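Take a look at the structure set out below.
Derivation of every value follows stated rules applied to the coordinates shown; laboratory data play no part. Just so you know, these numbers come straight off a predicted model, no measurement behind them. Cβ coordinates were reconstructed from backbone atoms using ideal geometry, including for glycine residues, and neighbour counts include every protein chain displayed.
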Amino acid sequence: MDYRISDSEWPVMQILWEHGPLTQPQLMQQLSREWNKNTVHTFLTRLEKKGLVIIDKSCTPHQYQALVKREDCIYQEKQSFLNKVYQGSVGRLISSFLQDGDLSKEEIEDLRKILDRMDNP
């Protein structure tokens, strides 16, 4: 299944994963910035059409709940980014981040341990 979530929809999904099911007013209280009621409704409707959110219309106000796991959406986002930017190469991704960032000795040691575990499963 395609779990494409727009950048604008991610905050809504994050709240539903953490606190759902929620009504729209409850969801709006959880959002960290001021959002227009119509905008939130549009995002929720879009997410339902994508099959990512279910709307319980049997109660008033309606309740919204995530239908997919956060981990599944994160995995798809990682794969999409990896394929789009690094042609699917995890090595290129890691090399790029390592060259661009300053790592502490602790972080370097953690990376060595991960690579050692991969060499010796």
Gyration tensor verdict on segment 14-60 (Cα atoms; rounded if a/c is under 1.5, prolate if a/b is larger than b/c, oblate otherwise): rounded
Extended-chain gain in nm, criterion 0.36 nm per residue less alpha-carbon gap, residue 41 and residue 62: 6.5 nm
q = 0.17, 0.18, 0.19 Å⁻¹: log10 I(q)/I(0) that the Debye formula gives for segment 58-121, counting C-alpha atoms only: -0.82, -0.88, -0.94
Cβ-based charge dipole, the chain, positive-most Cα from 43, 19, 99: 43
Separation between Cα centres of segment 90-121 and segment 12-71, rounded to whole Å: 37 Å
Qualifying lysines (Cα of each under 19 Å from Cα of residue 113; at least 8 residues distant if same chain): 105
Whole-angstrom Cα spans of segment 25-90 along principal axes, big to small: 48, 26, 17
Kirkwood Rh and Cα Rg combined as Rg over Rh, evaluated for the chain: 1.12
Packing-based ranking, highest mean first, of 58-67, 79-88, 95-104 given that Cβ atoms within 10 Å are counted: 58-67, 79-88, 95-104
Residue-averaged 222 nm ellipticity for the chain, from DSSP H runs of 4+ at -39500 (n - 2.57), nearest 500: -19000 deg cm²/dmol
Relative packing of peptides 43-56, 26-39 - highest average C-beta neighbours within 10 Å first: 43-56, 26-39
